[in-house]
Amino acid sequence: MDPVSAMAAASAAFSAVKKGVAIGKDIESMASDIGRWMGALSDLDMLEKEAKNPPIFKKLFSGQSVEQEAMEAFAAAEKSRQQRTDLKNMIGMMYGKSKWDELVRMEGQIRKRRQDTLYKQRQRRRKFVEIVAWIMMAVVAAVLLTLFVLFLKGQAAKAQPEHVVCRLVGCDKIDGKRYCVYRGAWNTQEVMDFEMDEWFPKEYLCDFEPDKPRPPSMRDTLKAIRESQK
């Protein structure tokens, strides 16, 4: 259902009623055409209301088409109101005001039936589409956010250093050698052994391994070295 097709249906029915009035046909014999015309006018009013309040996602992604649809709905509604005025005048002159009042009551019944059936179904479909659209937008946003976070992590990983400064924690003599424990940032720890008369640095560059677990204490590290030498 769209303003153009609804207006075409209204115009076709209006022309048929207008011809019937011109040749003096009874209102009852034109009931079918009048009913189609009233139904089309009801549809145009509903479409005009929808065009004034489109869904948010439709505004975001179909801005130009929303404006065009609103203009079409407004133009069609204006034309239908003119048809209503013309038909009211014709029927008033040919059949009297009471006949038009009967048609107005008939129109109210037609509008109520369409509201209770067609329009409610249309509103349910519209809400369903809106919910699906919001869910899809939320999923897309979540995927984009995840990709962005992964990108940032990748960039951070690239920016990480290859080496960190490890500083001397302590040394101990084990089996005639000096074993020294060095520690740096991000749980980096290395053990180096030196001859007793060999020079050993206070700090040096260790390989950067950020995923290593927290190292044992210096005492436990040296104890493990002693046990391994037995």
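Scanning region 85-121 for residues that are of a type in the set (A, V, I, L, M), out of contact with any helix residue (DSSP H, G or I) (no Cβ under 7 Å at 6 or more places or on another chain) and more than 14 Å from M38 (Cα to Cα) yields M93, L118.
Restricting A75, A70 to residues that are closer than 22 Å to L44 by Cβ, in the same structural domain as A10 (by TED's automatic domain parsing) and in contact (Cβ under 8 Å) with a residue 60 or more places away in the chain narrows the list to A75.
Applying the criterion of being surrounded by fewer than 17 Cβ atoms within 10 Å (Cβ to Cβ) and of a type in the set (S, T, N, Q) to the residues of region 70-95, the residue that is nearest to N53 (Cα to Cα) is Q82.
Residues in region 1-50 that are farther than 26 Å from K120 by Cβ, of a type in the set (K, R) and either within 37 Å of the chain's Cα centre (by Cα) or surrounded by 13 or more Cβ atoms within 10 Å (Cβ to Cβ) (or both): K18, K25.
When restricted to residues that are more than 23 Å from G176 (Cβ to Cβ) and either among the hydrophobic types (A, V, I, L, M, F, W, C) or touching a residue at least 60 places away in the same chain (Cβ under 8 Å) (or both), region 189-230 contains 3. Counting only helices (runs of 4 or more DSSP H) wholly contained in region 1-67, the ones carrying 2 or more residues that are modelled with pLDDT under 85 and more than 17 Å from Q82 (Cα to Cα) occupy 31-52, 56-61. Quick check on region 142-156. Is at least one of its residues out of contact with any Ser or Thr (no Cβ under 9 Å at 6 or more places or on another chain), touching a residue at least 24 places away in the same chain (Cβ under 8 Å) and of a type in the set (F, W, Y)? Scanning region 142-156 turns up no residue that is out of contact with any Ser or Thr (no Cβ under 9 Å at 6 or more places or on another chain), touching a residue at least 24 places away in the same chain (Cβ under 8 Å) and of a type in the set (F, W, Y). Determine the pairs where a residue that is touching a residue at least 40 places away in the same chain (Cβ under 8 Å) and among the β-branched types (V, I, T), located within region 96-111, has a partner that is in a helix (DSSP H, G or I) and surrounded by 12 or more Cβ atoms within 10 Å (Cβ to Cβ) with Cβ atoms under 7 Å apart, the partner being 6 or more residues away or on another chain. If the second residue must be in a helix (DSSP H, G or I) and surrounded by 12 or more Cβ atoms within 10 Å (Cβ to Cβ), the pairs left are I110/G35; I110/M38; I110/G39; I110/S42.
The values are calculated or read from the model by the stated rules, or taken from the named source; none is laboratory data. This is a predicted model, so every value here is computed, not measured. Here the Cβ is made from the backbone with ideal geometry for all residues, glycine too, and neighbour counts use every protein chain on show.
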